[in-house]
Amino acid sequence: MAEIPTEQILRFLQDAPMFGDLDEEELAHLVQITQIQRLGVGDWVFREGDPGDAWYVVFDGEVEVVKEMKDGVRIIAVLGKRACFGEMAILDGSPRSASVRATRDSVVFRFARTQFSALLASGNLSAYKLVHQMALVLVSRQRRTTHRLAELLGAVDTGLRERLGPLMDQSSVAE
């Protein structure tokens, strides 16, 4: 696959929800730190426990977010074009909480934490706008998780509900 022209990357990012609030000049700052990563079917972007060193946007193809459980691997989400993942790493640098692998030939844009942090440290407005968008995405996920957890608590026996109660209490604090 040939290199992706800068103009194509700019147009793509303009249409991606995470980047919607950025103007062309602000996007140009991000294109400078964009790394293009090509993946084949089954290739891992990262594995659970890996360092949180970057976040990603799916340019083409599809990836799945998987979590290793005692009884095997569970697919948490399937992400396609323009979906972002790994953004928690930008905010706190913690190890990956799940794994991500390509389900078909894919191209992702990678934004290294060190370079993104340098943009933040320099007072770059585009970086701050993206952190705001990331916060909105994470809040939305937290609300969905809290809602699902509440539904599950309503459907379980009393003993299990008592054991899960503290988790619900912690989750509700975020509301």
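The values are calculated or read from the model by the stated rules, or taken from the named source; none is laboratory data. Nothing here was measured: the structure is a model prediction, and the numbers come from that model. With ideal geometry, Cβ positions are generated from the backbone for all residues, glycine too; neighbour counts draw on all protein chains shown.
Brief remarks on what is shown
- Residue in region 73-85 that is in a strand (DSSP E or B) and of a type in the set (Phe, Trp, Tyr) present: yes
- If the condition is being part of a loop (DSSP other than H, G, I, E, B) and acidic (Asp, Glu), then region 1-19 contributes only Glu3.
- Total residues in region 37-73, condition within 17 Å of the chain's Cα centre (by Cα) and among the acidic types (Asp, Glu): 6
- The listed residue being in contact with a Leu (Cβ under 9 Å, 6 or more places away or on another chain), buried (at least 18 other Cβ atoms within 10 Å of the Cβ) and at negative phi, out of Leu125, Leu153, Leu119, Leu91: Leu119
- Looking only at region 74-100, and only at residues there that are within 20 Å of Leu39 (Cα to Cα) and of a type in the set (A, V, I, L, M), the one that is farthest from the chain's Cα centre (by Cα): Ile75
- Subset tally (residues that are under 16 Å from Leu130 (Cβ atoms) and either of a type in the set (Gly, Ala, Ser) or part of a helix (DSSP H, G or I) (or both)) for region 20-51: 9
- Unmet criterion (only one of (1) outside any strand (DSSP E or B); (2) more than 22 Å from Ala16 (Cβ to Cβ); (3) touching a residue at least 12 places away in the same chain (Cβ under 8 Å)) for Val66: (1)
- Single match in Gly86, Gly61 (criterion: within 21 Å of His132 (Cα to Cα), at pLDDT 90 or above and in contact with a strand residue (DSSP E or B) (Cβ under 7 Å, 6 or more places away or on another chain)): Gly86
- When residues of region 25-52 are limited to those that are in contact (Cβ under 8 Å) with a residue 60 or more places away in the chain and touching a Gly at 6+ places or on another chain (Cβ under 8 Å), the one nearest to Thr103 (Cα to Cα): Leu39
- Whichever residue in region 127-147 is charged (D, E, K, R) and under 14 Å from Pro17 (Cβ atoms) and, among such residues, is modelled with the lowest pLDDT: Arg141
- Selection from region 96-116 of residues that are in a loop (DSSP other than H, G, I, E, B) and either modelled with pLDDT under 95 or surrounded by 18 or more Cβ atoms within 10 Å (Cβ to Cβ) (or both): Arg96, Ser97, Ala98
- Answer residue from region 1-24, given it is among the charged types (D, E, K, R) and touching a residue at least 40 places away in the same chain (Cβ under 8 Å) and is surrounded by the most Cβ atoms within 10 Å (Cβ to Cβ) among those: Asp21
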